[in-house]
Amino acid sequence: MRTSVSLTLLIGLCCPLHLCAAPPTSPARVATIPIQGRALQLIDQSLADLEAAFASDPQAPSVQRLRDETARNLGLLRQRVLAIPGLPAPALESFASGKPAAAPAPLPESVRAVGELNPVWELDRQTRGERWLFNLQLTPEDAKTVQAVLKIQAQVFGEITQPGARVFIQEKDAQIQRLAAQWKTFYESVTLQEYPWESLANGWFDVQRAITDIPTKQVKILHPVSGVVTFQGRQSSSGSPITGAEVLGLQWYDPWAGYKPTWGLGVLVTLKAEGERSSGLGLIASYRDFKFGYRQSRRLDGQKVDQAIISINLARYFDFTPSRALKQAVDKLQASKGN
Amino acid sequence: MNTETTVVFLHGMGKHDATFHEAAWAFLQEKHQSLSGQPLAATAIPFVYDDIFESLRQTGSLADLQPFIQDAGVLGVLQDLQASDLFLYTHVLDVLIWRFHTQARARVITQLAAALSPLLVDLTEGPDRQLVVIAHSLGTAVATDVIHLLAEQGVTDYKKLPALHMLANVAKVLERPERPAYNSPPEPSLCRPWTREPADKGALQRYHSYRNELDPIPLVDAFRPPWSGRWFQSTTFKAWGAGVQPHDILTYIKAPEVYMPLLWSITLDEATYTPEREQQEMALGAAPNPATVARQAVLRDLAQHYADKPGFQDFLKLIQSMTGQKLW
């Protein structure tokens, strides 16, 4: 049961208003603007038809409720059509009279509210179903009133609610599709790259966050880090590998670039290295997958040592070929990681 | 009127692929053919979200969850389960991921919402379009959040989802404090029948909830919303299933109390799916054999013990008990 004829009629009537050439970015106007005048006529006619069918229906007692609910829905629909704010009167009058307006007024966005007409037109089938389901009396399919309601439904649906609603709901659908695509990217680029305790903790922090608000930063907890020492106090020697963890840190992501990591900052604890008395403590910053940081530890003789640290990626990026020790450290770290 | 109906299936706990619904769908097709003499003119679409859980299962272990679960009872269950050889890893982990892993849950909800949303758009093609969602077990909790998101975003503002069938409904026991299934405050889920007032955001035309009395799973913190009976139907029945266990989706689907309303909402064929016919179908149910009678007693004990227990940890303990007694 499609009423494509009605839709064609509506689109045809749009043309005098010069709306057919609307850009593809605003299809809602074509679908929603012309309903008001025609809609009111159709609703009033539908109410009259319903009353006529019911008055002459020999099975009237068994369809009383269907008639009541249909009349109520038509009334609700009428109120909502009338309540559409900001529809310019000349355009409406010209539509109702079928004559083109002399100068079409600019049409406000608020007419999109037509899409929110709501499903006031769903009850007839559900009512019949309800009667079956709850052991109430079945509605006779051949009753005049039922036939009138089905016809009214098709007309009202096709000419009033469907065109605007479809545009409205398509826009909502597009939002949902975008949201799902963003979450997919976030989940694959961020969640699955985190350690499970990190993603759980981040989720726990975000438990009150709306699902439509995808995080752009994440807390790092006990996140393993490896790097190489590039500069060590006043001594010239460098190049020892460092392994440890970002005990607590914050990492930002770029939602416009597939949730790639951008800046990060964290507190670093490193394991005791050769020739050291204790594990080291420091700070680490990152950009993309490059890391650079500062670490302080204590040597066996008790002297404090300050060290600058960079990640393997950064070491390779700068290509520290002059430093044999650094190169060896990078190779050693990579070998230990199985690369 | 030729109705074009789409039927969406959402699976429950455990591993599932895109064929999980086939046995249930084949049964419905066969049953409709035998009852009406007509083929079932509807399209079935399985919604699979297990792949998202699977990706997480591969990144960590149950132990990783422990620092984030403060409830001593839940922790105790976890420790028992880890020590048990019979631990059904995926079932419990699925429930825990769903309940505690915010990001995985958001990923599941948005993926399924994106799959369901175009089907709701299709409903605007005309009154001859129908959409029926059938969710089972954990899938009922998933469906609740998916449909809530769609309603919240306005996808159901115009066309409500015609029928939602929740088999072994656990939406209440798996609800989260920030989004209760039906109690308030805070604002409960919009996955509820529409009140028929134009401004109401309720997402559904009709909500059906089913519980097999021999299935203890939906007994824990059972789903009992304060909704009007006009648009909400809660059905309890007793069914064994053929050699399977009473929580299985097939056990539910094969109960006349389930497939009769379900086929009605798929076909809208009121001549075939009458209350009288449903009574006749129920009378045809086979008596359980001696082997199942013994299991029935065990399950009845479990059901009595866990009936209306209020907490999530009881839900996990029940899964543990059923696993230990090989009742899956």
Original post:
Which pairs have Cβ atoms under 8 Å, sit 6 or more apart or on different chains, and link a residue in segment A:143-159 that is closer than 20 Å to A:R78 by Cα to one that is among the charged types (D, E, K, R) and in a helix (DSSP H, G or I)?
Top reply: A:A148/A:D49; A:V149/A:R67; A:V149/A:D124; A:L150/A:D124; A:K151/A:D49; A:I152/A:D49; A:Q153/A:D124; A:E159/A:R38
Original post:
Does any residue of segment B:113-130 turn out to be in a helix (DSSP H, G or I), among the hydroxyl-bearing types (S, T, Y), within 17 Å of A:V207 (Cβ to Cβ) and facing chain A (nearest Cβ under 8 Å)?
Top reply: no
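I'm trying to understand the selection: among the residues of segment A:256-287, which are of a type outside the set (S, T, N, Q), exposed (fewer than 14 other Cβ atoms within 10 Å of the Cβ) and either free of Cβ contacts under 8 Å to residues at least 60 places away in the same chain or more than 19 Å from A:K217 (Cβ to Cβ) (or both)?
Once the filter is applied, which keeps residues that are of a type outside the set (S, T, N, Q), exposed (fewer than 14 other Cβ atoms within 10 Å of the Cβ) and either free of Cβ contacts under 8 Å to residues at least 60 places away in the same chain or more than 19 Å from A:K217 (Cβ to Cβ) (or both), segment A:256-287 yields A:W256, A:A257, A:L271, A:K272, A:E274, A:G275, A:R277, A:Y287.
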Original post:
From the set of residues in segment B:131-151 that are farther than 19 Å from B:V7 by Cβ and in contact with a Leu (Cβ under 6 Å, 6 or more places away or on another chain), which is farthest from the other protein chains (Cβ to nearest Cβ)?
Top reply: B:A141
Subject >> B:V170, sole failed condition from (1) part of a loop (DSSP other than H, G, I, E, B); (2) in contact with a Lys or Arg (Cβ under 8 Å, 6 or more places away or on another chain); (3) more than 8 Å from chain A (Cβ to nearest Cβ); (4) crowded, with 24+ Cβ neighbours inside 10 Å >> reply: (2)
Subject >> Subset of segment B:206-224 [part of a loop (DSSP other than H, G, I, E, B) and either in contact with a Ser or Thr (Cβ under 9 Å, 6 or more places away or on another chain) or of a type in the set (D, E) (or both)] >> reply: B:R206, B:E213, B:L214, B:D215, B:P216, B:D221, B:F223, B:R224
Original post:
Take the residues of segment A:215-231 that are more than 37 Å from the chain's Cα centre (by Cα), among the hydrophobic types (A, V, I, L, M, F, W, C) and surrounded by 18 or more Cβ atoms within 10 Å (Cβ to Cβ): which is nearest to B:V146 (Cα to Cα)?
Top reply: A:V228
**OP:** Could you tell me which of the residues B:A171, B:A203 is within 15 Å of the chain's Cα centre (by Cα) and closer than 20 Å to B:L116 by Cβ?
**Re:** B:A171
Subject >> Within segment B:188-228, tally of residues that are modelled with pLDDT of 90 or more and charged (D, E, K, R) >> reply: 3
Original post:
Taking B:Q245 and the conditions (1) at pLDDT 80 or above; (2) surrounded by fewer than 21 Cβ atoms within 10 Å (Cβ to Cβ); (3) away from chain A (no Cβ under 14 Å), which numbered condition does it fall short on, given that it satisfies the others?
Top reply: (1)
Subject >> Scan of segment A:133-160 for residues that are in a helix (DSSP H, G or I) and either modelled with pLDDT under 70 or within 9 Å of chain B (Cβ to nearest Cβ) (or both), ordered by number >> reply: A:L133, A:L150, A:Q153, A:A154, A:F157, A:G158
**OP:** Could you tell me which numbered condition B:F20 fails, if it satisfies all but one of (1) in contact with a Leu (Cβ under 7 Å, 6 or more places away or on another chain); (2) more than 11 Å from chain A (Cβ to nearest Cβ); (3) modelled with pLDDT under 95?
**Re:** (1)
Original post:
Which residue pairs have Cβ atoms under 8 Å apart, sit 6 or more places apart or on different chains, and have a first residue in segment B:201-230 that is more than 14 Å from chain A (Cβ to nearest Cβ) and over 20 Å from B:S184 (Cβ atoms) and a second that is among the hydroxyl-bearing types (S, T, Y) and part of a loop (DSSP other than H, G, I, E, B)?
Top reply: B:I217/B:S137
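The rows are residues; the columns are (1) buried (at least 23 other Cβ atoms within 10 Å of the Cβ); (2) out of contact with any helix residue (DSSP H, G or I) (no Cβ under 9 Å at 6 or more places or on another chain).
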position: B:Y207; (1), (2): yes, yes
position: B:Y210; (1), (2): yes, no
position: B:R224; (1), (2): no, yes
position: B:S228; (1), (2): no, yes
position: B:W231; (1), (2): no, no
Original post:
Of these, B:H148, B:H165, which one is touching a His at 6+ places or on another chain (Cβ under 9 Å) and of a type outside the set (A, V, I, L, M)?
Top reply: B:H165
**OP:** Scan segment A:161-214 residue by residue and report those that are more than 7 Å from every other protein chain (Cβ to nearest Cβ), assigned to a helix (DSSP H, G or I), hydrophobic (A, V, I, L, M, F, W, C) and within 13 Å of the chain's Cα centre (by Cα).
**Re:** A:A174, A:A181, A:F186
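The values are calculated or read from the model by the stated rules, or taken from the named source; none is laboratory data. Bear in mind that the values here come from a model prediction, so they are computed numbers and not experimental data. Positions of Cβ are backbone-derived with ideal geometry, glycine not excepted, and every protein chain shown enters the neighbour counts.
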